[in-house]
1. Considering only helices (runs of 4 or more DSSP H) fully contained in region 1-74, which possess at least 1 residues that are modelled with pLDDT of 80 or more and open to solvent by less than 50 Å² (accessible area, probe 1.4 Å)?
2. With respect to residue 108, is the statement that it is at pLDDT below 95, surrounded by 14 or more Cβ atoms within 10 Å (Cβ to Cβ) and touching an Asp or Glu at 6+ places or on another chain (Cβ under 9 Å) true?
Amino acid sequence: MHHSKLVACLLLAGALIPTSHLSAASLKLLGLDDMSCAAWKKKTDPDLREPYIQWVRGFLTGHNYANRSKQVAEVSSATVAMFVDRYCTEHATATVTDAAMRMSDEYSGRNSPITR
C-alpha cells in the first residue's frame, strides 16, 4: 500500500512539473512600432535614432529597478547607440530589444541572461 502511494505521488509530481512553467506570465515589451535592427540601421540620422536610444535607456532603468543587486551604471546616449550599432551589425535579424537585453546583461556585470 505504501508503495502505491509513492508511485501516485511521483506520477502527480511528474504531471505537474511540465506545466509549472506555463503559469509564468510571458514577457510583454512595449516599444516602438518597428524595433528591428533593420529599422535601426535605416535610421542613420541621430534625431531619428533618439527614440530608440531613449527606449533602451528606459529599459536599462527598468533593469536597475528590478535588479538592485546588479545595477547598470549610467551610460551615455552615445554608448547606447554604439552598442546597438555593434549588436545589430553582428546580429542582423535581431531587434533593438535584443540589444537592450544583452546590454543589461553585459553592463550589469552579470554577463548572462536573467533567469528565474
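The values are calculated or read from the model by the stated rules, or taken from the named source; none is laboratory data. Everything quoted here is computed from the prediction, not taken from an experiment. Ideal geometry is used to build each Cβ from the backbone, glycine not excepted, and the neighbour counts take in all protein chains shown. Areas reflect the complete protein model, heavy atoms only, side chains present, ligands, DNA and RNA absent. Shrake-Rupley method; radii C 1.70, N 1.55, O 1.52, S 1.80 Å.
1. 37-42, 46-66
2. Working: at pLDDT below 95: yes; surrounded by 14 or more Cβ atoms within 10 Å (Cβ to Cβ): yes; touching an Asp or Glu at 6+ places or on another chain (Cβ under 9 Å): no.
For residue 108, the condition - at pLDDT below 95, surrounded by 14 or more Cβ atoms within 10 Å (Cβ to Cβ) and touching an Asp or Glu at 6+ places or on another chain (Cβ under 9 Å) - is not met.
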